[in-house]
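One structure is given here, and the rest of the page talks about it.
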Amino acid sequence: MNELLIIGHPELMEERQRWLNGLGEERRLSDKTVEAYERDTRQFLHFLTGHLSGPARLSDISSLRPGDLRGFLAARRKDGAGARTLGRGLAGLRSFLRHLEKKGLANAAGASAVRSPKQPKSLPKPLTAIDALTVVASEAQLAEEPWIAARNAAVLTLLYGCGLRISEALDLTPSDFAGAPTALRIHGKGGKTRIVPLIGAAVDAVRVYEKLCPYHLAQDGPLFRGAKGGKLQAAIIQREMQKLRGALGLPDTATPHALRHSFATHLLAGGGDLRTIQELLGHASLSTTQVYTGVDSARLLEIYDRAHPRA
């Protein structure tokens, strides 16, 4: 007997096929997405068949409860499915149920009541130390005007050298660099203030920019200026980084924010502890900083092999 007849009665399977056809023809979803949704709903109907001890009917679908869907997700998790796979499967089921609901054949409320599995945080993708140093170097900048090239180098050096968010760097004023500064007082997310050590390379880069900048830099005004003299916008630095990626052959993950990730990862690789890195980054929770431990697993394994008596 055909597998589709085993897991569902004809009227249910016909509606499922209409829905799948519509995904590709009307909603213009990719072939791979349609294939994934076909597979996800087929697996669900397999589960439901075992749950009901027989092929599912439209009436069974219309009376689904949140517990039925949670049971399916739990079974898939037991089989080794990860959070992303489970989330996509639930999205496919919701789409199918909404299709049936529009035709008055089911109620999609049960699926909406089920929370999507919590997705794992993606590991940051830092640049290598060599690539990071190349990106922030003044001679690597592509802007034709010397003062703009110096400005870009100074901003990027602050992101990598001090672990600043791009918004934090662009909020700096000349007064932050008055005298011979050794640290910056940064006002970060949630109104939280932190002290960040200021490396000499960052001070030098800012001094070169200040000397070349054609605009008057008031002590309490924005330090970094756009081409027309207004406050520099983050999108400009992001575009400059995009050009650098192309020129240096770096991956798309090499963004201004990746320099902040690189700052944290390279500190950890150099022996920095998580609590210190948490303070430098301005993370409210240590769990946010702990994501960097996954980035430097090679170094952790190296230390284990060198130091553990049973290695």
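The values are calculated or read from the model by the stated rules, or taken from the named source; none is laboratory data. Computed from a prediction, not measured in an experiment: that's the story for all the values here. Counting neighbours? That spans all protein chains shown, and the Cβs are built from the backbone with ideal geometry, glycine included.
Scanning segment 142-176 for residues that are in contact with a Lys or Arg (Cβ under 8 Å, 6 or more places away or on another chain) and among the aromatic types (Phe, Trp, Tyr) turns up just one, TYR160. Pairing residues of segment 219-243 that are touching a residue at least 12 places away in the same chain (Cβ under 8 Å) with residues that are aromatic (Phe, Trp, Tyr) and loosely packed, with under 15 Cβ neighbours inside 10 Å, at Cβ distances under 9 Å and at least 6 apart in sequence or on separate chains, gives ARG225/TYR215; GLY229/TYR215. Given the conditions (1) out of contact with any Ser or Thr (no Cβ under 6 Å at 6 or more places or on another chain); (2) in a helix (DSSP H, G or I), which single one is not true for GLY80? So GLY80 meets the others, but not (2). Taken over segment 192-222, the criterion of being assigned to a loop (DSSP other than H, G, I, E, B), surrounded by 14 or more Cβ atoms within 10 Å (Cβ to Cβ) and modelled with pLDDT under 95 is satisfied by LEU198, ILE199.
Quick grid of which residues meet (1) more than 24 Å from LYS103 (Cα to Cα); (2) in contact with a helix residue (DSSP H, G or I) (Cβ under 9 Å, 6 or more places away or on another chain); (3) without any contact (Cβ under 8 Å) to a residue 60 or more places away in the chain:
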{"residue": "ARG18", "(1), (2), (3)": "no, yes, no"}
{"residue": "GLU25", "(1), (2), (3)": "no, no, yes"}
{"residue": "SER30", "(1), (2), (3)": "yes, yes, yes"}
{"residue": "GLU38", "(1), (2), (3)": "no, yes, yes"}
{"residue": "HIS51", "(1), (2), (3)": "yes, yes, yes"}
{"residue": "ALA56", "(1), (2), (3)": "no, yes, yes"}
{"residue": "LEU64", "(1), (2), (3)": "no, yes, yes"}
{"residue": "LEU73", "(1), (2), (3)": "yes, yes, yes"}
{"residue": "ARG76", "(1), (2), (3)": "yes, yes, yes"}
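Residues of segment 92-120 that are within 19 Å of GLU15 (Cβ to Cβ) and without any contact (Cβ under 8 Å) to a residue 40 or more places away in the chain: ARG94, LEU97, ARG98, GLU101, LYS102, GLY104, ALA108, ALA109.
Whenever a residue of segment 173-194 is farther than 18 Å from ILE277 by Cα, its partners that are surrounded by fewer than 11 Cβ atoms within 10 Å (Cβ to Cβ), lying with C-beta atoms within less than 7 angstrom and at least six residues away or across chains, give the pairs THR173/ASP220; SER175/ASP220. Need a quick list: helices (runs of 4 or more DSSP H) entirely within segment 231-311 having at least 1 residues that are at pLDDT below 90 and among the polar types (S, T, N, Q). Because the criterion is at least 1 residues that are at pLDDT below 90 and among the polar types (S, T, N, Q), the helices (runs of 4 or more DSSP H) in segment 231-311 that meet it are 256-269, 274-281, 286-289, 297-307.
Apart from one condition, ALA106 fits all of (1) part of a loop (DSSP other than H, G, I, E, B); (2) outside the structural domain of LEU212 (by TED's automatic domain parsing); (3) exposed (fewer than 14 other Cβ atoms within 10 Å of the Cβ); the exception is (3). For segment 35-64, filtered to residues that are within 14 Å of ARG94 (Cα to Cα) and among the β-branched types (Val, Ile, Thr), the residue that is surrounded by the fewest Cβ atoms within 10 Å (Cβ to Cβ) is THR41.
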